[in-house]
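Scroll down for the structure; my scribbles are underneath it.
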Amino acid sequence: IHINDEDGEQSLELLLSAEHGPKNRGNRAELSVDFPFTQDDTIRYEWRFMLPVEFSSDAPRNRWWLVAQWHDQPNRDQGETWDGHPERSPSIALSIGEDNETKELMMALNYGVATVRNFGPVPLKRGVWHNVAVVVTWSTTDSGRVAMYLDDMDKALLTADGANMHNSFQHYLKLGMYRHPEIKSRNSIHIRELSIAKTEEP
């Protein structure tokens, strides 16, 4: 749903609630972007997002809840299709939860292929537009790496390295919300100013 925010800028609102039911066998409201790259390319993904003041978390259980994820896909150049393609967890994701003591929303970086490692979390604010950038050097080997920037684009808050591709074909971005199937609250996320580009950044 396109809306006009109070500051007059346009954004995309993605809404999840119990009555919507599963999409693609999951509890999700996401947009997909399939940006082309080859292995060893470094890609910068940047956007702005806002979680409304009334955003309700899954505290105190804090079951998994993703706001961005990068997924593998079949290599159509080699005749592969989704039929028989293995189901795998995203190699890179941003997840949210709530600190049970401070009640602050938090965001973590989830990274890895064979074993997923968690980095962070870093605090978020409800009702505030956050700038986020994720810079990825894509690789099936240990030369893969990622740096996540939040608000201050001069310094990476979270970094990780190691393989980040399940296969050698470009992984695609899913942006929005994807969460544990038993979370039933009504939630929305607002997104704007998405840009994706190849870069020479480390």
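The values are calculated or read from the model by the stated rules, or taken from the named source; none is laboratory data. Keep in mind that what you see is a predicted model, and the values were worked out from it rather than measured. Glycine also receives a Cβ, built like all others from the backbone with ideal geometry; neighbour counts cover every protein chain displayed. Side chains are part of the model used for accessible areas, which takes the heavy atoms of the whole protein and leaves out ligands, DNA and RNA. Shrake-Rupley method; radii C 1.70, N 1.55, O 1.52, S 1.80 Å.
Work out the count of Lys pairs in the chain where the Cα-Cα distance is under 26 Å, with the pair 8 or more places apart or on different chains.
12
Within a Cβ distance under 15 Å of PHE169, other residues only, what is the Lys/Arg minus Asp/Glu net charge?
Result for the local shell: -4.
Taking H as built 1.01 Å from N, whose amide H comes closer than 5 Å to the amide H of ASN27, not counting residues under 5 places away?
Amide H neighbours of ASN27, under 5 Å, 5+ apart: ARG179.
Packing-wise, with mean Cβ within 10 Å as the measure, how do 132-143, 181-192, 70-81 rank, highest first?
Put in order of decreasing packing, that is 132-143, 181-192, 70-81.
What is the Cα centroid distance between region 158-187 and region 88-147, reported in whole angstrom?
9 Å
With the other protein chains left in place, how much accessible area per residue, in square angstrom, belongs to the chain at a 1.4 angstrom probe?
Accessible surface, normalised per residue, equals 51 Å².
Just flag the chymotrypsin sites (Phe, Trp or Tyr not before Pro) in region 74-128 sitting in loop per DSSP whose Cβ has no more than 10 other Cβ atoms within 10 Å.
Passing both the DSSP loop test and the Cβ count: TRP82.
Which residue, ASP152, ASP83, ASP40, has the most motion in a Gaussian network model of the chain that connects Cα atoms within less than 10 Å?
ASP83
Residues with amide H under 5 Å of SER91's amide H, sequence separation 5 or more or different chain, H placed in the peptide plane at 1.01 Å from N; which?
TRP70, ASP72
Quick check: pseudo-label points 7 Å beyond the Cα along Cα→Cβ at MET153 and ILE196, how many nm apart are they?
Rounded to a tenth, the inter-label distance reads 1.8 nm.
Long-range amide H contacts for SER11: which residues qualify at under 5 Å (H placed 1.01 Å from N, peptide plane, sequence gap of 5 or more or a different chain)?
Amide H neighbours of SER11: ILE3, ASP5.
Can you check what the net charge comes to around SER139, using other residues whose Cβ is under 12 Å from the Cβ of SER139 (Lys, Arg +1; Asp, Glu -1)?
With Lys, Arg at +1 and Asp, Glu at -1, the neighbours total -3.
Out of region 86-138, which trypsin sites (Lys or Arg not before Pro) are coil in DSSP terms and have no more than 10 other C-beta atoms within 10 Å?
Those that pass, being in a loop and sparsely packed, are LYS103.
How large, in percent, is the carbon and sulfur part of the accessible surface of the chain at a probe radius of 1.4 Å?
Summing carbon and sulfur atoms, their accessible area is 48 percent of the total for the chain.
Apply the Karplus parameterisation 6.51 cos²θ - 1.76 cosθ + 1.60, with θ equal to phi minus 60°, to every residue of region 106-123 and state each ³J(HN,Hα) to the nearest whole Hz, in sequence, with x for glycine and proline.
Each residue's phi maps through the Karplus curve to give 9, 10, 10, 9, 10, 8, x, 9, 6, 10, 8, 10, 10, 10, x, x, 10, x Hz.
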